[in-house]
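What follows is a single structure, written as structure tokens, with notes after it.
The values are calculated or read from the model by the stated rules, or taken from the named source; none is laboratory data. This structure is a prediction, so every number in the text was calculated from the model and none was measured. Reconstructed Cβ throughout: ideal geometry from the backbone, glycine too, with neighbour counts over all protein chains shown. SASA here: full protein model, heavy atoms, side chains in, ligands and nucleic acids out. Shrake-Rupley method; radii C 1.70, N 1.55, O 1.52, S 1.80 Å.
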Amino acid sequence: MTTIAPEDTAREAVFDATVAADERIEPRDWMPDAYRSTLVRQIAQHAHSEIIGMQPEANWITRAPSLRRKAILMAKVQDEAGHGLYLYSAAETLGTSRDELLDKLHSGRQKYSSIFNYPTLTWADVGAIGWLVDGAAITNQVPLCRCSYGPYARAMVRVCKEESFHQRQGYELLLTLSRGTDAQHAMAQDAVNRWWWPSLMMFGPPDDESSHSAQSMAWKIKRHSNDELRQRFVDICVPQAEALGLTLPDPDLTWNDKRGHWEFGPIDWAEFREVLKGNGPCNEERISRRRQAHEEGAWVRDAAAAHAAKHGKASR
Ligand code: BYC
């Protein structure tokens, strides 16, 4: 039988009191093993999503329709790399290395967001990603700025500021297309039709199927359930779609005056599960491109390590 040492009971009481008081847990504080592993799982998945998420949009950098659009898109894709770095650093504070996390991503032992397994078929997809995907990300991540784990919460503050800029650029891009020629308007509508449902899936499975939500909410890692955030996102998007002059591809969207929310149609959870299993339209392409980029970058890591070994001591 395992016995709990009195000092562990005392530490656990301090941890519980800190969480209950809405104060932050910091890297040097004692924390339950399961709290640590849940954070590593979520932060790693989040970091992987940021760097895999660079691929669908980077696909359009060489084909951006103007120098201005190209410069904006390059800056956005670079921001996503930066978000990945803050998040890998936050995970490192929990005692895990970036190499280990990347290895788990490359070998399929850790996930990244389902959304990045869909293709970017036209230029309008860059707008739809900014408006819907970054919009969903902000809705999910603003509450994470109040996450109980300090380094993750602080990383989220900067990420959210940058994501709101990304969301605005996507909205502005779609507005320009929507007000353009008939062909441009149709391209914008087609992109929204394809990205709407996968964006709703970003928030994760419905609450009654979400295995981690209850514990993560008790620990104040998550502040709202998957369904609460999904509903918040739909409520934000409906008037924005109207202002864009575009429609959302859901015939069941209706305003419920009693609830004060937009009702929406059923989500195809079978599709979500297939994407998670690796059977989405681009899973194979995304992960092999990532592995290739990692291998091609080996010389940069080697050079940085050699530089640090040579100059590290002298500069200290
Ligand atoms: N895709 O119990 P649940 C971005 C998994 S990047 C894949 O509800 P949890 C951006 C889940 O991991 C956006 N897997 O889990 C970047 C779990 O599986 P495991 C990324 C998903 O953790 C570039 C299982 O399903 N944002 O913004 O309580 C360009 C059961 O789910 C997904 C974040 O990562 C999914 N959509 O809640 C533009 C935000 N959903 O781990 C934009 C941080 C669920 O047991 N993460 N799963 O094998 C979170 O807030 C939470 O982890 C989630 C899921 C709401 C996503």
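Contact map, segment 184-206: residues that are closer than 13 Å to Leu174 by Cβ and more than 16 Å from the ligand (Cβ to nearest atom) paired with residues that are outside any helix (DSSP H, G or I) and of a type in the set (Ser, Thr, Tyr), Cβ distance under 6 Å, separation 6+ or inter-chain. Pairs shown: Met187/Thr122. Listed by position, the helices (runs of 4 or more DSSP H) inside segment 221-316 whose residues that are within 30 Å of Val19 (Cβ to Cβ) number at least 3 are 226-244.
One residue is enough: does segment 299-307 have a residue meeting the conditions closer than 18 Å to Trp195 by Cβ and out of contact with any helix residue (DSSP H, G or I) (no Cβ under 6 Å at 6 or more places or on another chain)? For segment 299-307, residues closer than 18 Å to Trp195 by Cβ and out of contact with any helix residue (DSSP H, G or I) (no Cβ under 6 Å at 6 or more places or on another chain): absent. Look at segment 91-104 and say how many of its residues are in contact (Cβ under 8 Å) with a residue 24 or more places away in the chain, touching a Lys or Arg at 6+ places or on another chain (Cβ under 8 Å) and assigned to a helix (DSSP H, G or I). The number of residues fulfilling the criteria is 1.
Within segment 121-159, if we keep just the residues that are open to solvent by 10 Å² or more (accessible area, probe 1.4 Å) and among the hydroxyl-bearing types (Ser, Thr, Tyr), the residue that is farthest from the chain's Cα centre (by Cα) turns out to be Thr122.
Note on segment 105-125: residues that are closer than 25 Å to His294 by Cα, in a helix (DSSP H, G or I) and either more than 11 Å from the ligand (Cβ to nearest atom) or modelled with pLDDT under 95 (or both) amount to 2. In the set (1) open to solvent by 40 Å² or more (accessible area, probe 1.4 Å); (2) in contact (Cβ under 8 Å) with a residue 12 or more places away in the chain; (3) near the ligand (Cβ under 9 Å from one of its atoms), the condition left unmet by Ser211 is number (2). Condition check: within 30 Å of Leu177 (Cα to Cα) and part of a helix (DSSP H, G or I). Does Ala75 satisfy that? The answer is yes for Ala75. Can you say whether His166 is within 24 Å of the chain's Cα centre (by Cα), at pLDDT 95 or above and part of a helix (DSSP H, G or I), as far as the supplied structure shows? In short, yes.
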